[in-house]
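Data first, discussion second: the structure below is written as structure tokens.
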């Protein structure tokens with residue numbers, strides 16, 4: 001059984017939702033946009049198995065530093081897997097997401113830090129903490 005660790009992004013519009021993969025998770029930073037005053041899913045953290053389409057939530061997801069002008073939290077979001085998941089495409093899955101919501105009518109720049117324990121791979125038999133600084137532009 002091969003587990004593939006991915007870090008993804010939910011793209012929401014009035015008509016549709018899609019999951020876009022951005023590759024293996026590692027320490028670093030990312031930039032995201034959020035609508036003013038609305039809870040906006042920022043990133044899911046999960047691993048999946050190609051053979052069975054099973055989803056494994058990443059362990060110990062935490063908000064290490066809260067944003068100054070809003071809140072970041074962990075919530076379960078149901079997503080339909082896109083075509084890039086091959087035989088698993090179209091499967092609905094529940095997974096933990098980092099969700100950001102700005103305070104009141106705030107608009108502008110904000111940021112927070114999230115951490116999680118990465119899944120060990122075949123070449124790596126120990127788990128380790130990963131950190132991401134998330135810069136949010138609120139419009």
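The values are calculated or read from the model by the stated rules, or taken from the named source; none is laboratory data. No experiment lies behind these values; they were computed from the predicted model shown. Don't worry about glycine lacking a Cβ; one is built from the backbone with ideal geometry, like all the others, and counts go over all protein chains shown.
Evaluate the following for residue 78: is it modelled with pLDDT of 75 or more and under 15 Å from residue 132 (Cβ atoms)?
On the way: modelled with pLDDT of 75 or more: yes; under 15 Å from residue 132 (Cβ atoms): no.
No; evaluated as a whole, the condition is false for this residue.
Taking the condition over 18 Å from residue 29 (Cβ atoms) and assigned to a strand (DSSP E or B), does residue 130 pass? Break it down stepwise before answering.
Working: over 18 Å from residue 29 (Cβ atoms): no; assigned to a strand (DSSP E or B): yes.
When the stated conditions are applied, residue 130 does not pass them.
Only residues that are over 25 Å from residue 70 (Cα atoms) and crowded, with 17+ Cβ neighbours inside 10 Å: list them for the stretch 34-56, please.
Step one: list which residues in the stretch 34-56 are over 25 Å from residue 70 (Cα atoms), which gives 47-56.
Hits for the stretch 34-56 are 47, 48, 55.
In the set 114, 77, 93, which member is touching a residue at least 12 places away in the same chain (Cβ under 8 Å), surrounded by fewer than 18 Cβ atoms within 10 Å (Cβ to Cβ) and not in a loop (DSSP other than H, G, I, E, B)? Step through it out loud before you land on a result.
Values: 114 fails: surrounded by fewer than 18 Cβ atoms within 10 Å (Cβ to Cβ); 93 fails: surrounded by fewer than 18 Cβ atoms within 10 Å (Cβ to Cβ).
77 is the lone residue from the list that is touching a residue at least 12 places away in the same chain (Cβ under 8 Å), surrounded by fewer than 18 Cβ atoms within 10 Å (Cβ to Cβ) and not in a loop (DSSP other than H, G, I, E, B).
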